[in-house]
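The values are calculated or read from the model by the stated rules, or taken from the named source; none is laboratory data. This one's a predicted model, so the numbers in the text were calculated from it and none came from an experiment. In this analysis, Cβ positions are derived from the backbone assuming ideal geometry, glycine residues included, and neighbour counts consider all displayed protein chains. Remember, those area values only see protein heavy atoms, side chains included, never the ligands or the DNA or RNA. Shrake-Rupley method; radii C 1.70, N 1.55, O 1.52, S 1.80 Å.
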Amino acid sequence: MVTGDNLVAEYKGTHPGSQRLHERAVKVFAAHGATHTVRVLDPFRPYFTHAQGSRKWDVDGNEYIDYVMGHGGLILGHSHPAVVQAVQEQMAKGAHYGESHELELRWAELIKSMMPTAERVEFFSCGQEANMMAIRLSRVFTGRKKILRFKENFHGWGDELAHEGSAGIVADEVNIIPFNDLVKVERELATEEYAALLTEGGGAFAGGRVHIDTDFVRAMPGLAHKYGTVWVLDEVVTGFRDAPGGWQSVVGVRPDLTTLGKCVSGGLPGGAIVGRADIMDAFDPKTPPERLIVHSGTWNANPLVCSAGIAACELYQDGEPQRKAGDFADYLRERGNKVLKEKAINGRLYSRTIVHLYLGPIDYEPSDDTMPPTKDIGKIMDPARLPVRARLCLHLLQRGIATMNGEIFILSAAHRKEDIDQTVQALSDSLDAMIAEGTIARP
Ligand SMILES: Cc1ncc(COP(=O)(O)O)c(C=O)c1O
C-alpha cells in the first residue's frame, strides 16, 4: 500500500500557482472548485493559460501533451491557424447580427455535402440541445411520448438524456435498456409506444468505451421503422471525428435524425441536428400549430461559431485530419499495449481516435485493439476502478500528460509521433510508480 503521499506533495510543489487558483475556486464553484465533472481531481487539476497544436501550458509554466482536446471537439488540435484566422476576422465584423447571414448557409451546406442523410440542418449551442430537439421532433412526428435508449450511452445532462438514476431528474417517459441486446429492443419497440430510439454513435460513452456490435447498430433503422419509431443517432462525438460522413458512413447506416456537436463547430460551442426533411419540416411556419415546433435559441448559428465551423468543416472534407488522428491512435495503442503486456498488467488501450484505457480482468484477446478485452460491460464501467484511474491521472499529469480521468486519451491530427513516444514513456513510468506504491495490482 501507499506509505506516504509523495506524489501529491510533489505535484503541489510543481503546481503552486494552480493550487492558489484552486483554493480561490473552491470558494466559488461547488464541485470541488471545478466547472465540469471531469475536471474534478484530488488535489486539483492544473489551471491553464494557453494551448497550441497538441500541447498546453499551465500557470506554473508546466507543459503537457493534451489528450483532453476540448472534450473531443478539437480533432484539428488547439488553435488551428485556419480556425484562428476565420474567428479573428469574423469577430471584427460582428459576433451576432440577430439576423440571417451567409455563413450559416455555407456551414450547413458543408455539413450536408459530407453527410448524405442531412436533408435538413438546424443549429444549436451544444450537442445536448440537439438531442433535446431530436426527442421533440420525434414526438411531434409520431404522436407518441416514450423514448427508448441504452444504459451507459451518454447524451447530455438534461432530464431525458442524463445517466439513469441521476439525482433530480424527471424522465418518466424514458426507458433505458441494456446495450447490444436486439431481442430486448424489439420487445420494447413492438409495443408501438416509442417516439424515438436514441443510440450513441461509435459505441457507448465517449465514442466507444463500451463496444457496439455492428450487427446491432445495422438492425436499428429496420426495427425502428417496422414499429413506427424515429431512429436518432447521437454523433456528437463521432460526427466528423470518425470520417467526413460521420460514423454512420463507416458502418453504413442511415439514421432518421443525427445529432452533432463538438468537432462540427471547430472548437467553439455549437451543435446541429440533421436528417429527414419530412420530420424536420415541423419547424416550417406553415405547419399546423399542433405540429409546429418553435426553434429559438439566442446563440443558434451565430456568425462567430459559424466561421469556426466552416473553417473546420472545410478541413474535414478530405478525411485527412481523421486519418492522421487515427494513425496516432493506432500508434499509441500499439506501443502502450506492449508496455502493459511487458509489465504483466491486466489492461488494454483500445477503440479508435478516442483511445480508452481499460484496467481490469481480461476475458479474451480480441482480433484487433479497437475492441475492449472483455465483453462484460460491468467490468468496463466498474466504479471501483475510479480511484486507480484518478491516481494514474495524477501520475500522468505530473509527467506532463493531460488525460480525461486517466482513462481517455483523445487524439487529434496535431499530435506527433514524438508526443506518443513521450506519452508511452510517461505511462510506463507511472505504472512502475503505481506498482511500487501498491496502487495497481498485477495478477
Ligand atoms: C455522445 C454525446 N452526446 C451528447 C453530448 C452532449 O454534448 P454537449 O456537452 O455539447 O451538450 C456529449 C458530451 O460529451 C456526448 O459525449
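The table for this structure:
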| read-out | value |
| --- | --- |
| Options F150, F154; residue that is within 16 Å of the ligand (Cβ to nearest atom), touching a His at 6+ places or on another chain (Cβ under 9 Å) and within 20 Å of Y350 (Cβ to Cβ) | F154 |
| Matching residues in the stretch 191-215 - criterion: being open to solvent by 10 Å² or more (accessible area, probe 1.4 Å), at pLDDT below 95 and in contact with a strand residue (DSSP E or B) (Cβ under 6 Å, 6 or more places away or on another chain) | A206, R209 |
| One residue from S54, S100, S18 being at pLDDT 95 or above, small (G, A, S) and open to solvent by 50 Å² or more (accessible area, probe 1.4 Å) | S100 |
| Test for E122: is it within 16 Å of the ligand (Cβ to nearest atom) and at positive phi | no |
| The stretch 91-120, subset among the hydrophobic types (A, V, I, L, M, F, W, C) and closer than 28 Å to V185 by Cβ, residue nearest to the chain's Cα centre (by Cα) | M115 |
| Among (1) in contact with a Ser or Thr (Cβ under 6 Å, 6 or more places away or on another chain); (2) part of a helix (DSSP H, G or I); (3) more than 16 Å from the ligand (Cβ to nearest atom), the one test that A134 misses | (3) |
| Residues of the stretch 77-116 satisfying the condition of being closer than 28 Å to P255 by Cα and either aromatic (F, W, Y) or not assigned by TED's automatic domain parsing to the domain that holds G239 (or both) | W107 |
| Selection status of I147, open to solvent by less than 30 Å² (accessible area, probe 1.4 Å) and assigned to a strand (DSSP E or B) | yes |
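Residues are listed down the side, and each one gets a yes or a no for (1) over 26 Å from L103 (Cβ atoms); (2) within 15 Å of the ligand (Cβ to nearest atom); (3) out of contact with any strand residue (DSSP E or B) (no Cβ under 9 Å at 6 or more places or on another chain); (4) not in a strand (DSSP E or B):
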residue: N175; (1), (2), (3), (4): yes, no, no, no
residue: V185; (1), (2), (3), (4): yes, no, no, yes
residue: V217; (1), (2), (3), (4): yes, yes, no, yes
residue: P221; (1), (2), (3), (4): yes, no, no, yes
residue: H225; (1), (2), (3), (4): yes, no, no, yes
residue: V237; (1), (2), (3), (4): no, yes, no, yes
residue: V264; (1), (2), (3), (4): no, yes, no, yes
residue: P269; (1), (2), (3), (4): no, yes, yes, yes
